[in-house]
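The values are calculated or read from the model by the stated rules, or taken from the named source; none is laboratory data. Model, not experiment: these values are computed from the prediction. Cβ atoms come from the backbone with ideal geometry, glycine included; neighbour counts cover every protein chain shown.
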Amino acid sequence: MMSERPVRKRAVNLFVDADLLDEARRLRINMSDTLERRLRSIVRAEQEKRWLEENQEAVGSIYSFIDRHGLLANKLRFRGAFRGRSC
């Protein structure tokens, strides 16, 4: 989902394979939009990776707790009221 906030843009200089650039232009590919979308995806993936690395101990602790005690939802599930009926 795209944010509604105004996006500040900045001009940058890039070095790109000349043949690739020519082909992208020939195909009328919007390079700014393409780079921005791909870069956003790469940044998001890297942020997720780093978050998991930084929180590995906490995530492991939660999984360990679930292994020992199970999920609360399993204990709260209403059983038996609709026996014989499909819900």
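Numerical summary
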| quantity | calculated |
| --- | --- |
| Candidates 28, 10, 37, filtered to the one that is out of contact with any strand residue (DSSP E or B) (no Cβ under 9 Å at 6 or more places or on another chain), free of Cβ contacts under 8 Å to residues at least 60 places away in the same chain and in a helix (DSSP H, G or I) | 37 |
| Close pairs from the range 40-69: first within 30 Å of residue 7 (Cα to Cα), partner surrounded by 10 or more Cβ atoms within 10 Å (Cβ to Cβ), Cβ under 8 Å, at least 6 apart | 52/59 |
| Which numbered condition residue 48 fails, given (1) over 23 Å from the mean Cα position of the chain (by Cα); (2) modelled with pLDDT of 95 or more; (3) among the acidic types (Asp, Glu) | (1) |
